[in-house]
Each structure stands twice: as C-alpha cells, then as structure tokens.
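*Asks:* This is the structure I have questions about; it appears just below.
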Amino acid sequence: MTIAWPVAIGACVTMALIHLRIGLRTVPRAAHLLFSLNAFVVAVYACFELALACADSPARFLEMMRWVDIVGAAQMVSMTAFVWVFFGTGRKWLALLVPGLTCIALIADLFPQPKLDYLRLTGIQVIQTFGGAAYTVAEGVRNPWAAWFYLGFLALVVFVADASVTLWRRGARRRAAVIGGTIALFYLAGSVHSELVDAGTLRTPYLFTFGYLAILAAMGGELTDEVSRAAQLAHDLRESEARMSLAAEAAGVGIWM
C-alpha cells in the first residue's frame, strides 16, 4: 500500500505535467488542459483515498471520507468537461446533469453530521492483508442521500456512452472506442465497487485510483497521437514548402538562361 498508491499518484502527476506543457504550447489547447486538470485532481483524490485506508479512528475516517467525496465530485466534473471538449459531441443536458447531481449529493457533507456516506458510523475495523499491510474499513448505517452521488456516476456513464456513439457515427471510431469505452467501463465498474464497499459487501479499500490508470493510459495515448499527427503534418508542410521553393528557383534559372 505504501508503494502502490504513491506510484499511481506519480503516474497521474507525470501525465498531468506533460499535457499541461502541451496545452500551454499548442492550439487547440482546451482538451490538453482539461486532461491535465483531471489527472491532477485524481492525484489529489489518491492521497485522500490512501489516508482513508489508513485512518486510525472513526472521526478521522469520516473527515477523510468527506474529502474523498468532494475531490471525487471534482474529478467527475472535470472528466465530463474533458469529454465534452475532446469529443465535441454529447447532449448538453446530460453534461450539466453530472455536476448538478454531485452538487446535490455534497449538501450532506456541508454539515458536521450526518455525512454523505453514513448516517452513523458505529466503528472501524483494521484488516490485515498481504505482506503485513493493513487497511481500514468502516461499519455504520448507510445514508440514503448517497444515492444522489451514484446517480451522478450513472449520468456520467450515460453521457460518455452517448457522446461516444455520436462520435463513432461521425467516423472517429478509434477515439470513440478507446477513450469513450474505457471511461464508461471504468466509471461503471468503479461506482459498483464503491457501492459494494459502502454497503459492507466488499471489505476492501476504495480502489478508484488504480482503475483510473486505464483511463490515464487511454487518454494519454490518444492525446499523444494527436500531437504526433500535428507534428507530422507540420513536417510534411515544411517539406512541401521546400520543394516548392526549389521548383521556383529552378524555374527562375530556366527563364534567365
């Protein structure tokens, strides 16, 4: 645990810095900057996710859970914005529904008690795992208000799926399949896993960060390919200009002779 989460955080920050630089130096830049923002937000989320797994008291667990909810909402919103800009497709009302639902869900976290995920926390349990590592899970009464947060997850999955289908029909099939498919599948799986952890069915830490690495690879690869194609186009343009210049010089010499 002390190795896996820092490695994942490092991967997020590395990709965020790379695409921040690309976004500041190239046009159009919005998709790169939004991808960078999303990766930075997930890196912060991973820090709180690890702190939650290492919480040593119910009060500490609830406090970290609150920050996990807030940063989780931020990464959902930034992901929606990225897909909206990068795909250029999707229904606007679905894109707006994601932040709307997550904001409604976060109302519960604005008060000292109850929190979004639990009406009452009865205790925490430390579970031993491989290599002598241990993580913390909660025991308590679920808060029905948390359903709003998972509706936000569902809205994001539907929005991405809708945007991907439209993009596929427009001919950008690779982007729709790789990016859209990875995002939709990951968020669906991540929401189901988180719900099972909240319900106590699965006694594991939250593992959103590690699933995100698949999205990180897919989005990073696609955006990098886009930059490579732009660089190749610029190279071809320079070569074309050079050939035209040589042809013009040769024609000028022929006329002079």
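*Asks:* Place a label point 7 angstrom from the Cα of residue 133 along the Cα-to-Cβ direction, then list the residues of region 182-214 whose backbone nitrogen is under 16 Å away.
*Replies:* 203-213
*Asks:* Suppose every Lys and Arg Cβ carries +1 and every Asp and Glu Cβ carries -1, with no other charges. What dipole size does the chain come out with about its Cα centre, to the nearest 20 debye? Spell out each step's value before the answer.
*Replies:* Values: 19 positive and 17 negative charges, 92 e Å.
For this selection, approximately 440 debye.
*Asks:* Once neighbouring chains are kept in place and the probe is 1.4 Å, which whole percent of the accessible area of the chain is contributed by carbon and sulfur? Each step should come with its number before you reach the end.
*Replies:* Working: 9160 of 13130 Å².
Carbon and sulfur atoms account for 70 percent of the accessible area of the chain.
*Asks:* Where only protein heavy atoms count, and the probe is 1.4 Å, what is the accessible area per residue for the chain in Å²?
*Replies:* Numbers: 13130 Å² over 257 residues.
It amounts to 51 Å² per residue over the chain.
*Asks:* To continue, here is another question. Whose amide H sits under 5 Å from the amide H of residue 140, counting only residues 5 or more places off or on another chain, with H placed in the peptide plane?
*Replies:* Those lying under 5 Å, H to H, from residue 140 are 122.
*Asks:* Stretched out fully, how many nm does the piece from residue 141 to residue 104 gain, at 0.36 nm a residue minus the Cα gap? The partial results should precede the final answer.
*Replies:* On the way: separation 37, 0.36 × 37 = 13.32 nm, distance 2.02 nm.
So the chain would gain 11.3 nm between residue 141 and residue 104.
*Asks:* Now, a different point. May I ask you to compute the full-extension gain from residue 125 to residue 210, defined as 0.36 nm times their residue separation minus their alpha-carbon distance, rounded to one decimal in nm?
*Replies:* On the way: separation 85, 0.36 × 85 = 30.60 nm, distance 2.26 nm.
Net length gain for the segment: 28.3 nm.
*Asks:* Which value at 222 nm does the chain reach when only helices count, each DSSP H run of 4 or more adding -39,500 (n - 2.57), with the total divided by all residues and rounded to the nearest 500 deg cm²/dmol? Provide the component values of the computation, followed by the final result.
*Replies:* On the way: 7 runs with 182 residues, N = 257.
After summing the helix terms and dividing by residue count, I get -25000 deg cm²/dmol.
*Asks:* Now a separate question. Taking a ≥ b ≥ c as the square roots of the eigenvalues of the Cα gyration tensor of region 165-227, is the shape rounded (a/c under 1.5), prolate (a/b larger than b/c) or oblate?
*Replies:* Cα axes put region 165-227 in the oblate bin.
*Asks:* Hey, another quick one. With each label point set 7 Å from Cα along the Cα-Cβ vector, what nm distance links residue 177 and residue 93?
*Replies:* The two pseudo-label positions are separated by 3.2 nm.
The values are calculated or read from the model by the stated rules, or taken from the named source; none is laboratory data. If you're wondering where the values come from, they're calculated on a predicted model, not measured in any experiment. As a convention, Cβ positions derive from the backbone with ideal geometry for all residues, glycine included, and neighbour counts pool all protein chains shown. Note: accessible area is taken over every heavy atom of the protein model, side chains too, but ligands, DNA and RNA are not part of it. Shrake-Rupley method; radii C 1.70, N 1.55, O 1.52, S 1.80 Å.
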